[in-house]
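The values are calculated or read from the model by the stated rules, or taken from the named source; none is laboratory data. The model shown is predicted, which means the values in this text are computed figures rather than measured ones. Quick reminder, even Gly has a Cβ in these numbers, built from the backbone with ideal geometry, and neighbours come from all protein chains shown. We work out accessible area using only protein heavy atoms, side chains counted, and drop any ligands, DNA or RNA first. Shrake-Rupley method; radii C 1.70, N 1.55, O 1.52, S 1.80 Å.
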Amino acid sequence: MDRRNFLKATAGVAALTGTAGVSAPALSQGAAARTLRFVPQANLANFDPIWGTQYVVRNAACLVWDTLYGFDDKLEPKRQMVESEELTDGGKTWTFKLREGLRFHDGEAVRAQDVAASLNRWAVRDGMGQMIRAIQEEPVSAVDDRTFRWRLKSPYPKMLVALGKNNTPMAFIMPERLARTDPFQQVSEFVGSGPMRFVRNEWVPGAKAVFTKFDQYVPRNEPVSWLAGGKRMNLDRIEWIIMPDPATASAALMNGEIDWWESPLTDLIPSLRRNRNVQVDIQDPLGNIGAFRFNHLHAPFNDVRARRAVAMALSQEDYMRAVVGDDRSLWQTLPSFFTPGTPLYSEAGGDILKGPRNIDAARRLLAESGYNGQPITVLVAQDQAPLKAMGEVTNALLSSIGMRVDFVATDWGTVGQRRASKSLPGQGGWHIFHTWHAGADCTNPAAYLALRAHGDGAWFGWPTDNAVEAARNKWFDAPNLDAEKAAVAEMNSAAMSHVTYLPTGFYKVFQAWRRNVLGVIGAPIPFFWNVSKS
Amino acid sequence: MFAYIVRRVLATIPVMAFVALFVFSLLYVAPGDPAAVIAGDQATPEDVERIRASLGLDRPFLIRFGEWVWRILQGDLGVSIFTNLPVSTMIQQRIEPTLSLMIITLILAVSVAIPMGVIAAWQQGTTIDRTVMGFAVLGFSVPVFVVGYVLAYIFALELDWVPVQGYTPLKQGFFPWFQNLILPAVALGTVYIALIARITRATMLEVLQQDYIRTARAKGAGQRNILFLHALKNAAVPIVTVIGIGIALLIGGAVVTESVFAIPGLGRLTVDAILRRDYPVIQGVVLLFSFVYVLVNLMIDLLYTILDPRIRY
């Protein structure tokens, strides 16, 4: 018996000897083994995955809502709630049939009407959904209770990718009454279609979220693979415990107070590895791509020569060592905008980021661009460790090529607001900010908003380049993998030439869990199906 | 006395009104955009704009302020931009851990610091005095989070006596509740103990020089009676004042302590709300903290009349 158990036992004895009401309720061994305590990457502050598109909301939503299709570990969409699909009318009409026995958490059957309402809401907010809406003959609608149809004006070969992708917002299926909510307003109930229920009355935003097993969920028969296949729950209850302090989370994991920590700080990994009860491994094989984002609207970066000058001087190794450290197994340089190791990866046009850095040539090119020594406004979020590190490296980089830096040290909330401003940098606007993109979002152009270059409608920085957009469109129309590869290579080359933004490298992070937790896998989303506790 | 209490309670109204205006204005001019946070990193500028409009954040200052004040007057603190939960519900969810932490810290600090200060004054210039004052300097100098980490390492990780983190509601039993709070209370209480101990010592030194103490000694009063009955009672007014002022320290310290020990209290709620720019929550919590602070000061003022009968309002 250890000291804590001794103290608990003492409390129990105290209760039995007349101090009723002072003892702690205890979980039985079995209940404890079927309860998983998980520390997510961030606070689950809201729970509408269409309204709020933060990754943490998406990750929790995957437990509660199911999708029509799901990506497997080969990044291919597989049937999930759908039993079959049919493509007719020259590729312009998609007809889907739902599996039998699907139920929502309120016990009601999942109907095609629910699916149609869910897809219509999702399509307003999602990039691919918006593309489909733009070419739809009529909104998706129910044919009968299990069949729904989407009629388009022109073929859309990536339909199944759109419905199964894991980029936010995902096409989750909700009851019709919830899905009729304005996509820019939050839903008021959390009635799901997935393997776990959301326990609303135990939700303390910023502290805790609880999910319990939904017994009427019908998993598919195929083996599970990421978001595809049979999502079988071995756990009765999953508690998400929000811990803002990494040192506390680390101590809690080592002490057995939590079971799984999604994103430990790299600095704490050595001490976690020394604990024999803790397992540490790569969290997501698709990793992250660091991003150095230019404002294309204002001088000097409205001139491609200025952007290229920075690219010529930029050392990804410097960025990666600052962000991740010296462990080379965690990072690599990346002369590409796409996730390495994935089928469409291409380094076409990436030479500008390869080899020794040429500071002198960069200085000359910068001078040619007409840079007149004006201060360069760099927004640096100090409350996000990777962004703070990238900001420091950028400061040194720009200084090295003779730029004057206006280093705006602020928080992510302020960067989020200021980056939306198109004003002049000295009047509330900006020149550069940093962020990172989940590798899962950069495997293809489908949800790669950051690489779009269609001006005013593009992501912050508002780049414009017809060659990038043309290559992107080719990918959407590509009939096979070879054509897709060619389109992505063309897009990579065009975006490198245009310097749409600059990748600062590819890096992975760790996750850590207690050794008695079985079935944890490396993936872009923490998947709880097939996870158990011994 | 009753008239004084009524006057003081009425005086809180303009104070709270000023706090309300100040907080609202500050948030209005502060940079940051909740719509951008909600929309996420993949959102387009148009999405962010639509969310901002749906939240009413694009409306003029005076209209937003007027609506907010009108709701406050009706006892409605509004709804969180992010969680869609009423602010009052969120405060209700979080108030017990913070209140528990503050009460335990207060009891711990007062029961440790006052005897420390009294003994230091009594033993002025000795090793005991220097030790107590050394501890006080350390207590002031070492940040709460460092004390927290050290305590957690020793008592939770190494000795395994208490949990590293978390909070167990009191209704689930006194012992687990106390077990979760003792480390945070010690961490948070360190600076508070230092403050009270120093002021107790200083005041006691002054009081111990007074004629009536010499008279008490001459009459043969014991040391304990002299220290705790004659001297401490006369030194109580400044000590109580510092305890009251220290409530603000506790509120500020709770923000850090709750983060270090993962206690789901109001301090963490405040930090989370500030980082996300959840305006209604920030406004609600700051108003609550201000109200508590004003109330504590009123209670301290009233306590003066008990501690020193010469004081009349």
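For the reader, a short list of remarks on this structure follows.
- Where a residue in region B:73-88 is over 17 Å from residue A:44 (Cβ atoms) and without any contact (Cβ under 8 Å) to a residue 12 or more places away in the chain and its partner, wherever it lies, is assigned to a loop (DSSP other than H, G, I, E, B) and of a type in the set (D, E, K, R), with Cβ under 9 Å and at least six apart: B:86/B:76
- Looking across region A:336-360, the residues that are in a helix (DSSP H, G or I) and open to solvent by 70 Å² or more (accessible area, probe 1.4 Å) come down to A:351, A:360.
- Answer residue from region A:32-74, given it is part of a helix (DSSP H, G or I) and within 27 Å of residue A:147 (Cβ to Cβ) and is farthest from the chain's Cα centre (by Cα) among those: A:64
- Scan of region A:147-164 for residues that are without any contact (Cβ under 8 Å) to a residue 60 or more places away in the chain and open to solvent by less than 70 Å² (accessible area, probe 1.4 Å), ordered by number: A:147, A:148, A:150
- Residue B:197 being in a helix (DSSP H, G or I) and more than 20 Å from the chain's Cα centre (by Cα): no
- In the set A:82, A:64, only one residue is under 30 Å from residue B:262 (Cα atoms) and of a type in the set (Val, Ile, Thr); that residue is A:64.
- So residue A:363, is it assigned to a helix (DSSP H, G or I), closer than 15 Å to residue A:310 by Cβ and either open to solvent by 50 Å² or more (accessible area, probe 1.4 Å) or β-branched (Val, Ile, Thr) (or both): yes
- Of all residues in region B:153-181 being touching a Pro at 6+ places or on another chain (Cβ under 7 Å) and among the hydroxyl-bearing types (Ser, Thr, Tyr), the one that is nearest to the other protein chains (Cβ to nearest Cβ): B:168
- Residue identified as within 12 Å of chain B (Cβ to nearest Cβ) and at pLDDT 90 or above among A:13, A:39: A:39
- One residue from A:293, A:321 being over 30 Å from residue A:519 (Cβ atoms), within 25 Å of the chain's Cα centre (by Cα), in a strand (DSSP E or B) and of a type in the set (D, E, K, R): A:293
- Qualifying residue in region B:234-249 (condition: over 28 Å from residue B:123 (Cα atoms) and either open to solvent by less than 50 Å² (accessible area, probe 1.4 Å) or touching a His at 6+ places or on another chain (Cβ under 8 Å) (or both)): yes
- Qualifying residue in region A:441-450 (condition: open to solvent by less than 30 Å² (accessible area, probe 1.4 Å), of a type in the set (D, E, K, R) and within 14 Å of chain B (Cβ to nearest Cβ)): yes
- Here the condition is being in contact with a His (Cβ under 7 Å, 6 or more places away or on another chain) and either of a type in the set (A, V, I, L, M, F, W, C) or open to solvent by less than 80 Å² (accessible area, probe 1.4 Å) (or both); of B:231, B:216, B:156, it holds for B:216 alone.
- Of the residues B:66, B:139, B:134, B:148, the single one that is among the small types (Gly, Ala, Ser), within 14 Å of another protein chain (Cβ to nearest Cβ) and assigned to a helix (DSSP H, G or I) is B:148.
- Within region A:85-133, being touching a Lys or Arg at 6+ places or on another chain (Cβ under 6 Å) and within 24 Å of residue A:472 (Cα to Cα) holds for A:93, A:123.
- Matching residues, region B:123-153, being free of Cβ contacts under 8 Å to residues at least 40 places away in the same chain, open to solvent by 70 Å² or more (accessible area, probe 1.4 Å) and not small (Gly, Ala, Ser): B:127, B:128, B:130, B:131, B:150, B:153
- Annotation: of all residues in region B:26-63 being closer than 15 Å to residue A:50 by Cα and of a type in the set (Ser, Thr, Tyr), the one that is farthest from the other protein chains (Cβ to nearest Cβ) is B:44.
- For region A:207-230, taking the residues that are surrounded by fewer than 24 Cβ atoms within 10 Å (Cβ to Cβ) and either within 14 Å of another protein chain (Cβ to nearest Cβ) or within 23 Å of the chain's Cα centre (by Cα) (or both), the one that is nearest to residue B:96 (Cα to Cα) is identified as A:208.
- Taken over region A:37-80, residues that are farther than 30 Å from residue B:80 by Cβ and touching a helix residue (DSSP H, G or I) at 6+ places or on another chain (Cβ under 8 Å) amount to 7.
- Residue within region B:41-48 that is modelled with pLDDT under 85, touching an Asp or Glu at 6+ places or on another chain (Cβ under 8 Å) and open to solvent by 30 Å² or more (accessible area, probe 1.4 Å) present: yes
- Taking the criterion of being part of a loop (DSSP other than H, G, I, E, B), over 15 Å from residue B:34 (Cα atoms) and open to solvent by less than 30 Å² (accessible area, probe 1.4 Å), the residues of region B:265-313 that qualify are B:265, B:308.
- Residues in region A:453-466 that are touching an Asp or Glu at 6+ places or on another chain (Cβ under 8 Å) and more than 9 Å from chain B (Cβ to nearest Cβ) were compared, and the one that is most open to solvent (accessible area, probe 1.4 Å) is A:454.
- Any hit, region B:71-80, residues being part of a helix (DSSP H, G or I) and within 19 Å of residue B:27 (Cα to Cα): yes
- Selection from region A:521-532 of residues that are surrounded by 19 or more Cβ atoms within 10 Å (Cβ to Cβ) and either at pLDDT below 95 or closer than 20 Å to residue A:441 by Cβ (or both): A:523, A:524, A:525, A:526, A:527
- Count of region A:393-422 residues, restricted to those that are more than 14 Å from chain B (Cβ to nearest Cβ), open to solvent by 10 Å² or more (accessible area, probe 1.4 Å) and under 25 Å from the mean Cα position of the chain (by Cα), is 1.
- Members of region B:160-189 that are β-branched (Val, Ile, Thr) and open to solvent by less than 20 Å² (accessible area, probe 1.4 Å): B:162, B:164
- Elements of type strands (runs of 3 or more DSSP E) in region A:419-520, at least 3 residues being within 30 Å of residue B:36 (Cβ to Cβ) and in contact (Cβ under 8 Å) with a residue 40 or more places away in the chain: A:432-438, A:502-507
- Only one of A:291, A:306 that is in contact with a Leu (Cβ under 7 Å, 6 or more places away or on another chain) and crowded, with 17+ Cβ neighbours inside 10 Å: A:306
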